Amino acid sequence: MAKIALLFPGQGSQYVGMGEDLYQGYPVARNIFEQANSILGFDLTKQLCFQGPGEELDLTENAQPAVLTVSVACLEVLKPRISDLGFQIEAVAGHSLGEYTALVATGSLGFAQALKLVSQRGQFMKEASRENPGGMTALIGLSREEGERICRESRDRGVVQIANLNCPGQIVISGSRDALELAGKKAKEFGARRVVSLAVSGPFHSSLMKPAAEKLAREIDAVPMQVPEIPFIANVKGDFLQEPSRIKEALVSQVSNPVRWEESIRRMRDKGLKFFLEVGPGKVLTGLMKRIDKTAIIYNVGDEKSLREAGEAVCKQENFATPN
């Protein structure tokens, strides 16, 4: 049986209208959206995902449950097709928030459990951002070592540290505004091709998020978690975890520590996986994959059109999932 890995996007992949065609066309997807509305106590489906406005959807406390819901709806539509095409899901990973979707895919968490946790996570991160204001900046064209040096040399202005190691030549740093401003100037001196301030509401994946991590730890500790039925890679480790207690620790740690996405992908490639599906809104992870490993094969599945196109493309592939 051919082997694949599933990848799940995080906050920032959301857009107004996401998931609407799946809701209209697939009862299994509609059921996920209706569950989300009931669990959250408000109309996530039409008032946020389908109609917006974008400013409301982009709020951390809204974007996180919205992206999870759409991603799980996509997963439910996709699962029978994966089986029909003769695939075996060999690994899963999610970028930041996407880890919760990945754990739903493994059977470690139920959808309701994951949705409640990410809703709380978004609220805790919002509160931490008010307590410790800051932001995030992408540095394009620099190495990890250069990024670390820039952060070290900017810390006299406040907290600043690496938040995402996404792919070669793309580093995201996070911290207080003054420190980020200085780091941005230094990055240009180091020869960065671009320095881009990200449209986020806080200094995510930095030590300024520790208040959120502490609150989240109490909530995660109270949730029963099963051993993953599918191998799961954790962001903070860039490696596989199986023991539920260690997965819980990784979910908490991830809030205030870097996402090691490039390492996670390379770990899956080392295992012989070369075929990937990005499941959920947007194409962020598909773009990153093409920068990490051009020999990997990846398609995104986030709506009816991409679901159909991915299925057609897969059928045309020869030896698409053989280890290399």
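What follows is calculated from the coordinates using simple rules that are stated; it is not laboratory data. Quantities reported herein were computed from a predicted structural model and do not represent experimental measurements. Every residue, glycine among them, receives a Cβ derived from its backbone with ideal geometry; neighbour counts consider all protein chains shown.
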* What Kirkwood hydrodynamic radius, in Å, does the chain give when the mean of 1/r is taken over all pairs of distinct Cα atoms and then inverted? -> 19.8 Å
* Asked: Mind checking the dipole of the range 114-202: about its Cα centre, +1 per Lys or Arg Cβ, -1 per Asp or Glu Cβ, Debye to the nearest 20?
  -> 200 debye
* **Cα-centred dipole magnitude for the chain, charges only on beta-carbon of K, R (+1) and D, E (-1), debye, nearest 20** => 800 debye
* To do: May I ask which residue of Cys167, Gly134, Ser306 lies farthest towards the positive end of the charge dipole of the chain, with charges of +1 (Lys, Arg) and -1 (Asp, Glu) on Cβ and the Cα centre as origin?
  => Cys167
* To do: Provide the packing ranking of 10-21, 242-253, 93-104, i.e. peptides ordered by the mean count of other C-beta atoms within 10 Å per residue, highest first.
  => 93-104, 10-21, 242-253
* Charges only on Cβ, +1 for Lys and Arg, -1 for Asp and Glu: so what's the dipole of the range 181-324 about the Cα centre, in debye to the nearest 20? -> 640 debye
* Taking θ as phi - 60°, what are the ³J(HN,Hα) couplings along the range 76-87 by the Karplus curve (6.51, -1.76, 1.60), each to the nearest whole Hz, with x for Gly and Pro? -> 5, 5, 6, 3, x, 6, 4, 5, 4, 7, x, 9
* Structure fact -> Label model pair Ser245, Glu304: point-to-point distance (7 angstrom along the Cα→beta-carbon line) in nm is 4.9 nm
* Which order do the peptides 113-122, 68-77 take when ranked by the mean count of other beta-carbon atoms within 10 Å per residue, highest first? => 68-77, 113-122
* In whole Å, what are the Cα extents of the range 69-196 along the three principal axes, biggest one first? -> 53, 34, 18
* To do: With θ set to phi - 60°, apply the Karplus curve 6.51 cos²θ - 1.76 cosθ + 1.60 along the range 27-44 and write out the HN-Hα couplings as whole Hz, x wherever there is a Gly or Pro.
  => x, 5, 6, 4, 4, 5, 4, 5, 4, 4, 4, 5, 5, 7, x, 8, 7, 5
* Between the range 67-130 and the range 214-283, what is the C-alpha centre distance in whole Å? -> 11 Å
* Listed residue (Thr60, Pro80, Thr45) projecting farthest to the positive dipole end of the range 29-82, Cβ model -> Pro80
* To do: Convert each backbone phi in the range 171-184 into a coupling constant with the Karplus relation 6.51 cos²θ - 1.76 cosθ + 1.60 (shift: θ = phi - 60°), then list the ³J(HN,Hα) values in order as whole Hz, x for Gly and Pro.
  => 10, 10, 10, 9, x, 6, 4, 5, 5, 5, 4, 5, 4, x
* Asked: Can you give the angle from 0 to 90° between the axis of helix 111-131 and the longest principal axis of the chain, with both taken from C-alpha atoms, to the nearest 10?
  -> 10 degrees
